[in-house]
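What follows draws every value from the coordinates through simple rules; no lab data is involved. All values derive from a computational prediction rather than experimental measurement. Because the Cβ atoms are built from the backbone with ideal geometry, glycine has one as well, and the counts that use them run over all protein chains shown.
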Amino acid sequence: MERKRIELNFPSQMWYVPPALAFIKELSQQLGFSKKRIEDIQLTIDEICSNAIEHGSETAASGIDLIIILDVNQLDILVRDRGTKQKKYLTAERLDEIHRERVSGQEGGHGIYIAKNLSDQLEIQPNSLGGTDVRVVFRLSTNLPPCG
């Protein structure tokens with residue numbers, strides 16, 4: 001399979017996240033990820049999208065972009081928001097601070113921690129739209145049985 005790029009855009013509302021996760025699940029199954037790994041992928045993207053909607057979107061019309069790169073060996077997903085008045089809510093520089101201040105009983109603050117621990121690679125950077133790009137990569141392990 002050659003690399004394929006898929007772009008999805010949806011309004012910055014949680015209501016739109018489950019259909020996007022269902023689409024990612026289907027792609028992950030087609031690539032051969034295990035059931036457990038697909039759950040990790042979905043949880044990670046759910047957390048990143050939730051952050052983008054809550055912290056990175058001025059209004060529902062702001063929108064969230066998902067840029068998915070499919071490869072025979074990995075799934076690469078970029079979640080892009082367009083920013084808010086609360087600039088730079090999430091930056092690579094703040095990643096350590098986010099981890100240090102995360103409290104187990106606290107409701108928020110776990111999304112990026114989860115994403116970092118469940119993905120094979122995590123990158124956070126500002127984008128040209130004034131928002132944040134969060135990219136995660138999930139590598140396909142050839143020794144795991146495909147989801148079935």
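Given labels modelled 7 Å from the Cα in the Cβ direction, how far is it in nm from Leu129 to Glu7? About 1.0 nm separates the two model spin labels.
The modelled label-to-label distance between Asp120 and Phe23, using points 7 Å beyond Cα along the C-beta direction, is 2.3 nm. Taking 0.36 nm per residue of separation and subtracting the Cα-Cα distance, full extension of the segment from Asn73 to Tyr113 would add 12.0 nm.
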